[in-house]
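Novice: One structure, pasted below without further comment.
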C-alpha cells in the first residue's frame, strides 16, 4: 500500500490520489465506493483520512465509505458521476443524502426534482441542504417550493430555506 497522507486535508489527499491514479480513476473509484463497493485500503484512506484508518483497524464501516466517495466528488469530477450523485440523493444514510445535495449544488447538476423530494426528508440537515441546493440550481418558481420550510421546527432548516430563497431571488432579480 502506498504511503497515504491520511493526516492531510481532504483536498490535498485527493490531489495526491489524482497524481498517483489519474483523475478519471479517482472519480471511478469514488463512484464505486458510493455504490457500496470495496476500493481497497489505500483508496479508502485517500478519501477518508484518519477516520478511514479506524475502519481499517476494526471500527464499524456503516455508511462512511459511501459518504467519503460522495464527498470526493466535490474535489474531483467528470460527468460520469451524475447518475451516482442522483443515487446518493436516495441513499438510506442521511449523511450521504446530505452530501449528495452539496455535490449537486457544487457541480451545477440539474437534479431539482430529486432535491425537491428531500425537502420532506426526516433529517433536518438533509432538508436544509436540499433547500440550499435548490437555491443554487433552481428556477425562480422554486421559491414557492422552498417557502414551507420557513416554518420548519428546526432553525437550521429555516436558515437553509431562507438562504435558498435569497439565492434564487438574487439569481433572478425582479425586472
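The values are calculated or read from the model by the stated rules, or taken from the named source; none is laboratory data. Only a predicted model underlies this, so the values are computations on that prediction, with no experimental measurement involved. Here the Cβ positions follow ideal geometry from the backbone for every residue, glycine too, while neighbour counts run over all protein chains shown.
Novice: Given the residues 110, 117, 66, 122, which is the only one that is touching a helix residue (DSSP H, G or I) at 6+ places or on another chain (Cβ under 6 Å) and either surrounded by fewer than 19 Cβ atoms within 10 Å (Cβ to Cβ) or assigned to a helix (DSSP H, G or I) (or both)?
Specialist: 66
Novice: Can you tell me which residue is nearest to the chain's Cα centre (by Cα) among those in the range 140-171 that are within 12 Å of residue 116 (Cβ to Cβ) and at pLDDT 95 or above?
Specialist: That would be 164.
Novice: Then there is this: Considering only residues that are surrounded by fewer than 23 Cβ atoms within 10 Å (Cβ to Cβ) and in contact (Cβ under 8 Å) with a residue 24 or more places away in the chain, look in the range 41-51 and name the one that is nearest to residue 103 (Cα to Cα).
Specialist: Here the answer is 49.
Novice: Moving on to the next point. Which residue, of 76, 85, is buried (at least 18 other Cβ atoms within 10 Å of the Cβ) and under 15 Å from residue 36 (Cα atoms)?
Specialist: Sole residue among the options that is buried (at least 18 other Cβ atoms within 10 Å of the Cβ) and under 15 Å from residue 36 (Cα atoms): 85.
Novice: With respect to residue 101, determine if the residue is under 20 Å from residue 39 (Cα atoms) and not assigned by TED's automatic domain parsing to the domain that holds residue 30.
Specialist: no
Novice: Are any residues in the range 16-28 surrounded by 14 or more Cβ atoms within 10 Å (Cβ to Cβ) and more than 20 Å from residue 98 (Cα to Cα), and if so, which ones?
Specialist: Within the range 16-28, 16, 17, 18, 20, 21, 23, 25, 26, 28 qualify.
Novice: Check the range 54-70 and report whether any residue there is in contact (Cβ under 8 Å) with a residue 24 or more places away in the chain and over 25 Å from residue 129 (Cα atoms).
Specialist: Checked against the condition, which is being in contact (Cβ under 8 Å) with a residue 24 or more places away in the chain and over 25 Å from residue 129 (Cα atoms), the range 54-70 yields no hits at all.
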